[in-house]
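Trainee: Below is one structure. I have some questions about it.
Values quoted throughout were computed directly from the atomic coordinates according to the rules given, and no laboratory measurement underlies them. Just so we're clear, the structure is a prediction, and the values are computed from it rather than from any experiment. Cβ sites come from the backbone with ideal geometry, for glycine too, and all protein chains shown count toward neighbours.
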Amino acid sequence: MQSRVFVMSLTLIIATATPVLAAEFWVSQNPETKVCKIVETMPDGKTQVMIGATSYPTKDDAKAARKVAVEAGQCKKPD
């Protein structure tokens, strides 16, 4: 009985932690306004365009990439 409770608890912990580990962030640009922002879904290429060639594993990495894009004049920082 105790092993069954342990296995069920472990399964629940893994199931709730997995989406957090799989989080990805993109730097997205509105092609009309040239404003860049950090998003959690891949830009569609029409209303939002991906800046850079990849996703970023953490929000801090995506913020650093956005900062580089702003400094390079590729996009404007959001207000």
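Trainee: I need the peptides 52-65, 27-40 ranked by packing, meaning the mean over residues of other C-beta atoms within 10 angstrom, with the highest value on top. Write down the numbers at each step before the final one.
Mentor: Details: 52-65: 14.3, 27-40: 16.5.
Taking the mean over residues of other Cβ atoms within 10 Å, the ranking is 27-40, 52-65.
Trainee: What is the ratio of the Cα radius of gyration of segment 23-79 to 2.2 N^0.38 Å, with N the residue count, to two decimals? Show your work: numbers first, answer last.
Mentor: Working: Rg = 10.0 Å, N = 57, 2.2 N^0.38 = 10.2 Å.
Output field value: 0.98.
Trainee: 5 Å is the cut-off here: which amide hydrogens, built 1.01 Å from N in the peptide plane, fall below it relative to residue 51, excluding neighbours closer than 5 in sequence?
Mentor: Sorted by chain and number, the residues that satisfy this are 27, 28, 29.
Trainee: Please give the contour-minus-distance gain from residue 2 to residue 53: 0.36 nm per residue of separation, less the Cα-Cα distance, rounded to one decimal in nm. Can you show the working numbers first?
Mentor: Working: separation 51, 0.36 × 51 = 18.36 nm, distance 4.86 nm.
Stretched fully, the residue 2-residue 53 segment lengthens by 13.5 nm.
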